[in-house]
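Worksheet: the structure to be examined is printed underneath.
Values in this text are rule-based calculations from the coordinates and carry no lab data. This one's a predicted model, so the numbers in the text were calculated from it and none came from an experiment. Neighbour counts run over all protein chains shown; Cβ positions are idealised from the backbone, glycine included.
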Amino acid sequence: MVLLIIHNDVKESWSNRSGHRYFKITSAGVREGYQPLSGTMAQQIRSAPGDSALYRYIQTNLGFTITAVLEKHVLPKQQSREQTTEIESKSKRAVDYFVSQLPEATGLPPERLVLVFDSDRARIYNPKAGPRVTVDSITVQDYLRERARAAGFAVIDTELSFSEHYNRNRQRFDFLGFSPFRVEWGGNGRREGRANG
């Protein structure tokens with residue numbers, strides 16, 4: 001089983017957003033939870049178009065959600081050192097739980113599990129661009145890599161192979177999909193990812 005890891009997966013795994021499953025982290029430990037849809041702003045907006053099949057298609061297949069709109073167009077608030085420390089602590093606990101549970105949840109031995117880490121493709125195309133702003137810190141992303149390797153999972157980091165391929169061929173790995181909030185891997189990205197797996 002191959003899982004593509006992007007820059008916000010760890011924090012989103014323990015963020016209890018409406019209509020999503022998540023890792024509930026408490027002083028007693030980590031367990032899986034579910035936050036049902038409620039009368040939130042997102043639910044009210046969803047009901048406006050009558051919960052149509054078209055809206056469900058846009059939300060499910062194109063990644064259009066109110067959360068995505070807010071993340072793209074509303075500037076994130078500056079976090080205090082205490083908030084950052086708490087976020088990293090929760091994220092590391094989520095990583096430990098995820099890594100420990102994945103073999104049993106999938107029914108696969110660790111050596112059959114592959115985590116593919118996405119790269120900063122915008123910076124590969126334009127090295128003068130600043131590093132992308134990520135939700136999961138570099139510390140948390142590195143922690144996931146280390147814990148996965150220690151558990152026996154295969155870990156693939158696409159940064160080096162994508163950089164080499166782009167410098168050699170000048171071919172992009174992605175395209176802006178039907179949603180302005182999701183940049184999808186194209187054929188090049190999938191081929192290069194497989195070649196390094």
Determine the gain in length on full extension of the stretch Thr26-Arg132; use 0.36 nm per residue of separation and subtract their C-alpha separation, reporting nm with one decimal.
35.1 nm
Ascending count of other beta-carbon atoms within 10 Å, so fewest first, for Asp174, Asp9
Asp174, Asp9
What list of ³J(HN,Hα) values in whole Hz, one per residue of region 114-119 in order, does the Karplus curve 6.51 cos²θ - 1.76 cosθ + 1.60 (θ = phi - 60°) give from phi, with Gly and Pro shown as x?
10, 9, 9, 8, 5, 10
Using the Karplus curve 6.51 cos²θ - 1.76 cosθ + 1.60 with θ = phi - 60°, what ³J(HN,Hα) values do you get for each residue of region 143-155, in whole Hz, with x for Gly and Pro?
4, 4, 4, 4, 5, 5, 4, 5, 7, x, 6, 7, 10
Tell me, Glu86, Glu12, Glu104 in order of fewest to most beta-carbon neighbours within 10 Å?
Glu104, Glu86, Glu12
What order do you get for Ser91, Ser163, Ser100 when you list them from fewest to most C-beta neighbours inside 10 Å?
Ser100, Ser163, Ser91
